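Novice: Below you will find the structure I want to go over with you.
The values are calculated or read from the model by the stated rules, or taken from the named source; none is laboratory data. Keep in mind that what you see is a predicted model, and the values were worked out from it rather than measured. Note that we place each Cβ from the backbone using ideal geometry, even for glycine, and neighbour counts take in every protein chain shown. Areas reflect the complete protein model, heavy atoms only, side chains present, ligands, DNA and RNA absent. Shrake-Rupley method; radii C 1.70, N 1.55, O 1.52, S 1.80 Å.
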Amino acid sequence: QVQLVESGGGLVQPGGSLRLSCAASGSIANINRMGWYRQAPGKQRELVAQFTSTGRLDYADSVKGRFTISRDNAKNTVYLQMNSLKPEDTAAYYCNAYIWPFDRWGQGTQVTVSS
């Protein structure tokens, strides 16, 4: 089992920045890929950014150039640095770890971009 705990969400004005953290514990050696998804009210959950099993970074087109995913292997933590935030980035953000054949999810952290 893998446990994921997110932190770092909040309210920010348009153009501002936030950094999300996801700390993983448990059987982390079995993780194939890990990253962030988000879900806005009335919309489907969508991929924001992730590390794949080969180390490739994937980003949603809507966040390229503004968001950066990174990780600290010593701390078993993945980060999402979000810059130049827009109101359309408002959503619940979820940490995800894929361990074949299942997805594991954190509890989610709310990001609200509003003036």
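Novice: Starting from the Cα of A74, step 7 Å along the direction of its Cβ; do the same at W100; then give the gap between the two resulting points in nm.
Specialist: It works out to 3.2 nm between the two label points.
Novice: Under 16 Å from the Cα of K43, which aspartates and glutamates turn up, not counting those fewer than eight places away in the same chain?
Specialist: Within the straight-line cut-off, K43 pairs with E88, D89.
Novice: Label 7 Å along Cα→Cβ of E46; the range 72-96 residues with amide nitrogen under 20 Å?
Specialist: Under cut-off, by backbone N: 80-96.
Novice: What does the accessible area per residue of the chain come to in Å², with a 1.4 Å probe and no ligands, DNA or RNA counted?
Specialist: Working: 6240 Å² over 115 residues.
Here the per-residue accessible area is 54 Å².
Novice: Which length gain, in nm to one decimal place, applies between K86 and R56 when the Cα-Cα distance is subtracted from 0.36 nm times their residue separation?
Specialist: Between K86 and R56, full extension yields 8.2 nm more.
Novice: Another question, then. Pop out the carbon and sulfur fraction of the accessible area of the chain as a percent, whole number, probe 1.4 Å.
Specialist: Summing carbon and sulfur atoms, their accessible area is 47 percent of the total for the chain.
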